[in-house]
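K.L.:
Sharing a structure, written as structure tokens. Questions coming.
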Amino acid sequence: MNLILQGLHPEPTVIERIAALAHARRVTPISSQAFRCEDITDDDAINTAVADACLQAELDCTWLDTPRRLSDFKLVAMDMDSTLITIECIDEIADMQGLKPQVSEITEAAMRGEIAFPESLARRVALLKGLDASALQRVYDERVVLSPGAQNMLQAVRAAGLKTLLVSGGFTFFTDRIKATLGLDYSHSNTLEIADGKLTGKVVGTVVDADEKKHTVERICAEMGISTSQTIVMGDGANDLQMMRIAGLSVAFRAKPLVRTQADVALNFVGLDGILPLFQ
């Protein structure tokens, strides 16, 4: 069993202390931000102590019992809002209406799993009724920012031969543009209804909720002729859990507690490229 420790500015003395806590036989640097603690003691009490120490030190920790290569996978599926990008697009659209606090509150409750996603989406989109559709372009131009490490991660997965899927409970206005800009292979999300240049407060077609996200991953895998176990899935909210459960590797990125506890990997401090040291 190995333990991967990662941080933005890891201190060598802290890495050594946590490695000793895990009873590691040796510590091998992977990069300036990542270290592999080899042949650790796999014990629940020790692992809990290690996790607590890492949280205090702002380090991400991942236990690995089987060496894997990135090329063992064929697809990486990513949530968009607060995963591939830093914002929740619907919250920023609502800000154009002066309604960001109300919409953000519903968004947070949905991501924690307290409100069913279709209900939360309907309630939030209804608040946008009457907003000029030009607000969408303003949000894209002024507020959409890739999450740290996104470009490095995408470059590495492409080099390893993986396809990329952006599957989101957000909106096609944003996923289509991000897909084109980043050269992603697939995308699927919700479509906002627009009439006479204004948002109607409704979405068109099937709502991309937890079930639809899972079905999308399954559909793309079937098209590619691969198993869902050959997929890496990244997300942050409760509506990502179903697609994460069918993946070969699930990654919770700066996620809600419910998601962190159920994912194979939790990245709370480093960027999306924090998955890469797991394969070295």
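The values are calculated or read from the model by the stated rules, or taken from the named source; none is laboratory data. In this text, all values refer to a predicted model and were calculated from it rather than measured experimentally. We place every Cβ from the backbone using ideal geometry, glycine too, and count neighbours over all the protein chains shown.
K.L.:
So, in the range 197-227, of the ones that are within 17 Å of the chain's Cα centre (by Cα) and of a type outside the set (D, E, K, R), which residue ends up nearest to Arg123 (Cα to Cα)?
P.N.:
Step by step, filter the range 197-227, then rank; the result is Val208.
K.L.:
Continuing with this model, one more query. What do you reckon, is Arg123 modelled with pLDDT under 95 and farther than 30 Å from Gly225 by Cα?
P.N.:
It is true that Arg123 is modelled with pLDDT under 95 and farther than 30 Å from Gly225 by Cα.
K.L.:
Take the residues in the range 245-258 that are outside any loop (DSSP other than H, G, I, E, B), in contact (Cβ under 8 Å) with a residue 40 or more places away in the chain and touching a strand residue (DSSP E or B) at 6+ places or on another chain (Cβ under 6 Å), then tell me which one is surrounded by the fewest Cβ atoms within 10 Å (Cβ to Cβ).
P.N.:
In this case the residue turns out to be Leu249.
K.L.:
Would a scan of the range 151-169 turn up a residue that is at positive phi and either out of contact with any Gly (no Cβ under 9 Å at 6 or more places or on another chain) or assigned by TED's automatic domain parsing to the domain that holds Arg219 (or both)?
P.N.:
yes
K.L.:
OK, next. Write out, first by first residue and then by second, each pair whose Cβ atoms fall under 9 Å of each other, whose residues are 6+ apart or on separate chains, and whose first residue, in the range 27-53, is closer than 16 Å to Phe269 by Cβ while the second is basic (Lys, Arg).
P.N.:
Partner pairs satisfying both residue conditions: Ile30/Arg36; Ala53/Arg17.
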